[in-house]
Amino acid sequence: MPATRPPASRSPDPALLDAAEERELLAALAGGDRRAAERLAEATYRQTWAVLVRLCGGDLDLAADLTQETYRKAWESIGRFRGGARLATWLFRIAYTTFVNHKRRPIRLVPLADGFDDLMADGEPSSEELFSGEEQGRRLRRAVLDLDDTLRFAVTARYWAELPVEEIARLEGVTAMGVRKRLARAFQTLAAALKEPKS
């Protein structure tokens, strides 16, 4: 079931859910209140989906599938959520892990029928695309995804999910300064990677 955009009913601004309301909803959810689960999903869905779109390089169908998988995993393990970080931060960690696990799965290759490969377009970008912002964006995304897991998580959490440094620190069990140092190392690595000629 391909879903290319989040449903219109899931458009509330995540900021509308303050910490006190979140705690109340989580307590209601622990008591089996389905409406609490729906409200929590409404408040967090757009941000979760948007960060997965970025991780998936704009593949809306894949992002929608991974978003559904993220919420399935979250609701299955909600009893282990202790509130050390905001719910959106915890969901980002699940979404991120879901994406990484998807990327690690082996890809099943199916041979093309004879003659079909002649119809395939050349996968190399044109000279115009090489210098376009779109190609630079793809190179940056590839460079971010090539970072080691600790640095990649810090960059995507901070800049793609727009999580505060303090929230990332709580989630990772490090200091805010530790997160800032990871980000600085990531920027150095990204700068070096983007200077290298594209292979």
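The values are calculated or read from the model by the stated rules, or taken from the named source; none is laboratory data. Computed from a predicted model, the values in this text were never measured in an experiment. Heads up, the Cβs are rebuilt from the backbone with ideal geometry, glycines too, and the neighbour counts pull from every protein chain shown. For accessibility, only protein heavy atoms count, side chains too; no ligands or nucleic acids. Shrake-Rupley method; radii C 1.70, N 1.55, O 1.52, S 1.80 Å.
Remarks
- Tabulated pairs, the stretch 180-196, first free of Cβ contacts under 8 Å to residues at least 40 places away in the same chain, second among the acidic types (Asp, Glu) and surrounded by 13 or more Cβ atoms within 10 Å (Cβ to Cβ), C-beta under 9 angstrom, 6+ apart or interchain: ARG182/GLU172
- The number of residues in the stretch 154-168 being open to solvent by less than 10 Å² (accessible area, probe 1.4 Å), part of a helix (DSSP H, G or I), farther than 13 Å from LYS181 by Cα and not hydroxyl-bearing (Ser, Thr, Tyr) comes to 1.
- Search result, residues across the stretch 167-181 that are under 23 Å from ARG82 (Cβ atoms) and not polar (S, T, N, Q): GLU167, ILE168, ALA169, ARG170, LEU171, GLU172, GLY173, VAL174, ALA176, GLY178, VAL179
- Test: THR150 is touching a Lys or Arg at 6+ places or on another chain (Cβ under 8 Å), buried (at least 20 other Cβ atoms within 10 Å of the Cβ) and either closer than 14 Å to ARG93 by Cα or of a type in the set (Gly, Ala, Ser) (or both): no
Quick grid of which residues meet (1) open to solvent by 20 Å² or more (accessible area, probe 1.4 Å); (2) at pLDDT 85 or above; (3) part of a helix (DSSP H, G or I); (4) closer than 14 Å to LEU91 by Cβ:
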position	(1), (2), (3), (4)
PRO12	yes, no, no, no
GLY32	yes, no, no, no
THR44	no, yes, yes, yes
ALA50	yes, yes, yes, yes
GLY58	yes, yes, no, no
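- The residue that is farthest from ASP33 (Cα to Cα), counting only those in the stretch 61-114 that are at pLDDT 85 or above and basic (Lys, Arg), is LYS103.
- Any hit, the stretch 175-195, residues being modelled with pLDDT of 90 or more, of a type in the set (S, T, N, Q) and surrounded by 14 or more Cβ atoms within 10 Å (Cβ to Cβ): yes
- Failed item in (1) open to solvent by 40 Å² or more (accessible area, probe 1.4 Å); (2) at pLDDT 90 or above; (3) under 30 Å from MET177 (Cα atoms), with VAL144 passing the rest: (1)
- Subset of the stretch 75-89 [more than 12 Å from the chain's Cα centre (by Cα) and touching a residue at least 40 places away in the same chain (Cβ under 8 Å)]: ILE78, GLY79, PHE81, GLY83, GLY84, ALA85, ARG86, LEU87
- ALA37 being surrounded by 18 or more Cβ atoms within 10 Å (Cβ to Cβ) and modelled with pLDDT under 85: no
- When LEU25 is tested against (1) at pLDDT 95 or above; (2) open to solvent by less than 40 Å² (accessible area, probe 1.4 Å), only condition (1) is not met.
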